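See below for the structure under consideration.
The values are calculated or read from the model by the stated rules, or taken from the named source; none is laboratory data. All values derive from a computational prediction rather than experimental measurement. All Cβ positions, glycine included, derive from the backbone under ideal geometry; neighbour counts span all protein chains shown. Keep in mind that these areas ignore ligands, DNA and RNA; they rest on the heavy atoms of the full protein, side chains included. Shrake-Rupley method; radii C 1.70, N 1.55, O 1.52, S 1.80 Å.
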Amino acid sequence: MKKFTFKGVLDGFRSSAPQPPRVDQEIVETLRPDHFTVAKTFRHGFPFQPTAVAFDPIQHLLALGTKSGSLRLLGRPGVDSHMQHETDAAVIQIQFLTNEGALVTATSDDSIHLWNFRQKKPEVVHSLKFQREKITYIHLPLQSKWLYVGTDKGNIHVVNIENFQLSGYVINWNKTIDPTRKTHPGAIVHLSDNPADSSKLLIGFNCGQLVLWDLRSRCAEIRWQATEGLLSVAWHHEGKQFVCSHSDGSLSTWQARQQSAKPFSISTPHAKPNKDGKLDPCKPIQKVEWKGLRTTGEAYLIFSGGLPHDTAGRAPSITVIHGKTTTVLEMEHNVVDFITLCESPWVSDFQDPYAIVVLLQNDLVVIDLLTPGFPCFENPYPMDIHESPVTCCTYFADCPSDLIPAFYSVGSRTQKRTGFSEREWPVDGGEWSPTSCSYNEIIITGHADGSVKFWDASAGTLQVLYKMKTAKVFEKPRTKSTECSGMDDDPFAIQLISLCPESRKLCIAGASSHIILFKFRKQEATNETWKLEIPVNYEHLEEGGEYSPDYEYPPRQTIKTEVASEAKEVGPLRVRTGLQKKPPGFQAYLVCISIGLHGEPSSQITALCINSSYRLVAYGTECSIVVVDTEQRVCVLNMMTPDLYGSADPYQRVPRSPKRLNETSNEDRCRSPTSDQASLEEVDAKEDQQQEKSRRHSVPWRKKKFSFRKMRLSNVKAPNKEMLNFEEAPNAPTPTPEQPSPAESASFEEAFEAVEEVLLRESPTEEVLEADSPSPVAPPRTKRKQRPQTLSLENNQPEMLTRKVSSPALNMKVRDLRRVEEDASSWDAVGRVMKKLNKLDSSFSRSRSSSMSSLENISNESVQCLAFVDSYTRKSDSSPCPTLWVGTSLGSVLTVMITQPVSVEARLTTPVVLQPCGTIFRLKGTILTMSFLDCNGALIPYSYETWKDEKQEASKERSKARPSISPTTTASTSAAEQFGDRQFAVLVSEKHARVVALPSQNCVYRQQLAETNFVVKSEIISLRDSICLVCYLSSGQLSAYTLPSLRPLIYMDFLPLADLSFQTSKQGIQGIVDPMLSIWGQQMFVNEDTDQIARTFCFSNRGHGLYLCSPTEMQKFTVSAEFCQSLNEMVGEMFLTREMPEPPKESFFRGLFGGGSRPLDREELFGESSGKASRSVAKHIPGPTLEGMNQRATSASSEVSRAHQMMVERGEKLGVLEERAERMRNEAESFSTSAHQLMLKYKDKKWYQL
């Protein structure tokens, strides 16, 4: 007889019940893993912490090195390449191989690298790491393949840049100094050839020792000793003199052909005599250059630093001395380095300088030397992203085509820059032709000073379109506000940006808990700015604090809507009053300021969403949600997050006490809830008096444990009540499939009888739950009934907890979409039945604070995600209605129904009604994003109002968004109507993603996004005429999933989260990991830190993305393989073939008297004849390009040998075939002859003669 099992019986019930076809059988998802490739595309901004600069005078390319090992190559606009050293060591010096398409870098890890940029993607060819000495200076003579390397020990090595092999020629420090010197001269700070004689090498030590070394004779020819420390040296182009800069702010000039104890001349350009007749001390002159001018014969002497020490408020400067004129050019930031751009690359000729490139700590400045007054060139690169620190970013790919021209038109009129040179930008190397892009891209950045910048990011470029300052909406604060929660020094800092591109309405959230709504106008306007004060009265109790059980929750509140001129200013920000002249562009229309109770700091704004069709703005804080009607300028919803749950609040909460802690007596502490309720009016009257005297103490929720919620089927004794719990206490033992608890080991037959009874009695479309123990109750509320202690299935119970598909539920509903992965055991079959009863697990849900969160220990529940959409709120809904979906930090998704007038006229007067409708879904972790799909799997477009000029605003019409991108489908909408589901809600949290069918509210797909880590940023994007979910994980990976089936597509390493820790309040990976979470075996970032990272990490359509890679740079990336294939065409060409100018011709008399330059055969000096260098000095590291070339060369040679062998074999076979053909031809001719003779023989004979 066949053995009956519980699993088999359940499987039989499933097979007998009619199963509707799965959605994945109806929707064809076209995305495949080969459609995805993760790649970094373009980097924009100023290199962070620059350390070195170099210029190629023939190719007109500029190279910038940074402290993190980054290297940027810049040419004409559009020619921009980013490179990164593998070791992340700081770049200390850069040398171009002039007009050869290569450069050499020296890094702080004592390595030199050869980069080749003849191709569009530069690569390292060779690397050489010094083992025993530190590199301090490198020098590469023009058109030479031998590189001089100076070290901290005072030695000089020579490297062949063709193969990066050390030469046996070494200049040791003890041979260069005077034999009578008893001390070490120090590190090498300068190396250069004499312009008139390349066999003479000038060596400078930091102690002030100067040596002219004869390379041929290998000895010191002349020695000089300066009295002050040496910083830099510059030659005159004739080679007879050189000038030195010193640490005391002086310049000394020396004769190159005579040895003397004193310099030819010494001067301190900026020193002034004091009362004693002595010169004031000056700052060091870090660098000096001496360039000759052919037209006038006068030279330019250019240096940085040297200003007096006692000059207060004097900015860093560049000084230009030309003839008798001295010009001091003050800079806004510290000078890192500078280089003079000259027409001629030859140091032995008049170089004719025309510009100075000054590398500042936070800017790049190019000075025009040919225009009187030395004005600056207007920088075509987006180097001012960090003008104020970036606090948030928004990225729009494939935005409306008319948006960029509109922003550019107002930006060009309002931001006219003057005072720049009229000459063209001198760094114009490379070649770039703007490719025709079929879509536009816009980046919006919010900054700490309250400014908002709009950038055109199309076709791989970045150009500023328009800039506005939100601080102009407010009056200037007299003193720095300390009441602003969050950023004390930056009360106007932009935290969130929400833009409706079609209606051109912009909403920003600031650090002072304020939001500003802007409307776009092409013309200047003069009007007042409306102000709306929204009190946030919802506070929490600290642990151990006093509270009253009958305190009104939420408290009664008043919301004022006033013109700014009539408003009584409260809080740190004051809106400008009266009529304001507003320039074209985004003009402030409405300001909403959240005000804390009795002047206390209000909560930070954590979510923001605008919908121009509904004419509503919603924003969430750390404890509440606010919805503002922008048409009538009123607040239509101001509710604390726990109040959205209604009677279905799954958390135990305690409201804030209205009493002052220092005035609470022991009698009050012992009062019962009954006595408190009896004296409610008296308590309120006392509170009003107490609140006038002092501010109320703000404390978080009190923690309180509660019992299990044991849910069971109606009229059935479940043998295993633990399995039917909604949630479990943390101290309760958690049963596992391997070791079930005693209650779980009960007979499956008894459990099956309970399930069978319900399945036979109840219809498949109805699920009813009952609790036999008290459920956790919501906080006490006045004039509100408490939730029932027990629930039953009788129809006469008005507050029955029901779950019906065919009829709308009267009470709140909680649908938990969380699930722990299960296997194919019989235990899992029970779990699947329990999931039909919407069993809640007790999984860890990460709080938005750095402390742990559980059902018994709850911190503030903040609103983290908002979405306006026409959707379904009840299972019985036949058509969608306007709704607001709210995602919280505890993983809850709640819905709010919006009721608004249909006609435009009624909309101006009739109030909009928002009512929480009770639909609640729960996931693990914080809700990050929510999107909605139609029955065909296409993204439902948001509704909007089309923008019209101010003159036509009265006749605005509502319309839907652009046509959505739909995947190929095999079923029409009739299938959705047949089964009742017409939408899919995609809910994404830090841990999971769920797809819920609407209006049935069934979870049709689920996917675990992260296990030990969590999702930092997620978004639903369009790609290849389809949509997908992309996520950036805290472990540094990028993942993508199809929709709606959530099938994994890619999981690739991308960017370590520690690389973005510069945005956090605690620098470094160790600083931003919460130590409390290590108790649970997990290492996570503090949530406030990851929130800030998520604000500058963006995903957009067509697979594009963006993140803030440093405080001054933005990095774009893509996940589209199609875009990666066309990326090479969008990148500019760095190297162009250009002819080298002829060297200067020597005059007859200079050659006759030995005044001209003398050629030097460096190959003879540094080649094989010099011997071999010690292997312990440096280690050669071939680059990946060279290794690949060697491998390809080896492979190619083997292929050629193989082809040659095959050709030989084929030749031999052809020879044999030819011999056979010849033999066959001969045999055929012989046969033909014999046959002809035989025919002639029997031609005239009769048959009978044969």
Can you tell me which of 59-68, 911-920, 327-336, 406-415 comes out highest on packing, and rank the rest after it, using the mean Cβ neighbours within 10 Å? 59-68, 911-920, 406-415, 327-336
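Are any of the pairs K240/K1145; K467/K519; K121/K1017; K467/K505 more than 22 Å apart by Cα-Cα distance, and if so, which?
Table pairs above 22 Å Cα-Cα are K121/K1017.
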Accessible area per residue, Å², the stretch 297-370 with all protein chains present, probe 1.4 Å: 39
Under a point spin-label approximation (7 Å from Cα along Cα-to-Cβ), what is the D310-S265 distance to one decimal in nm? 2.8
Okay, which of the stretch 358-401 sit inside 12 Å, backbone N to the point 7 Å along the Cα-Cβ direction of F420? 366, 376-384
Would you work out if the stretch 66-111 is rounded, prolate or oblate? Take a ≥ b ≥ c from the square roots of the eigenvalues of the alpha-carbon gyration tensor; rounded if a/c is under 1.5, else prolate when a/b is larger than b/c, oblate otherwise. oblate
Expressed as cubic angstrom per residue, what is the convex hull volume of the alpha carbon set of the stretch 350-432? 169
Euclidean distance between Cα centres, the stretch 60-133 to the stretch 1016-1033, Å: 35
If you place +1 on the Cβ of every Lys and Arg and -1 on the Cβ of every Asp and Glu, how big does the dipole about the Cα centre of the stretch 262-359 come out, in debye to the nearest 20? 420
Just report the Cα centroid separation between the stretch 185-256 and the stretch 389-417, whole Å. 52
I'd like the FRET efficiency for E162 and R132, computed as 1/(1 + (r/R0)^6) with the beta carbon distance as r and R0 of 35 Å, rounded to 0.05. 0.90
For the stretch 389-439, shape from the Cα gyration tensor axes a ≥ b ≥ c, cut at a/c of 1.5 then a/b versus b/c, turns out oblate
Backbone N within the stretch 34-53 under 18 Å of label point (7 Å from S108 Cα along the Cβ vector): 47-53
Can you find, among L359, T340, P375, the residue farthest towards the positive end of the dipole of the stretch 338-396? Put +1 on the C-beta of Lys and Arg, -1 on that of Asp and Glu. L359
Provide the packing ranking of 986-993, 1208-1215, i.e. peptides ordered by the mean count of other C-beta atoms within 10 Å per residue, highest first. 986-993, 1208-1215
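Of the listed peptides 96-108, 464-476, 168-180, what is their order by residue-averaged count of other C-beta atoms within 10 Å, with the highest listed first?
Descending mean neighbour count gives 96-108, 464-476, 168-180.
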Could you check the spin-label model distance between E1229 and Y1242? Points 7 Å from the Cα along Cα→Cβ, value in nm. 2.6
Please grab the % of Cα pairs in the stretch 189-347 that end up more than 18 Å from each other. 60
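Let me check against my output: what whole-number percent is the relative contact order of the stretch 44-134, with C-alpha pairs under 8 Å and at least 6 apart?
Relative contact order here is 19 percent.
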Which value in nm describes the separation of the simple spin-label points at Q523 and S433, placed 7 Å from the Cα toward the beta carbon? 4.3
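Rounding to the nearest 20 debye, state how big the charge dipole of the stretch 160-261 is about its Cα centre with +1 on each Lys and Arg Cβ and -1 on each Asp and Glu Cβ.
320
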Under 19 Å from a label point 7 Å along Cα→Cβ of T371: give me every residue in the stretch 391-431 with its amide N that close. 415-429
To the nearest 0.05, how large is the calculated FRET efficiency for T30 and Q1205 if R₀ is 45 Å and r is the Cβ-Cβ distance? 0.45
Rank L1057, P1044, C1003 by how far each Cα sits towards the positive end of the charge dipole of the stretch 978-1058 (+1 on Lys, Arg Cβ; -1 on Asp, Glu Cβ) and give me just the farthest. C1003
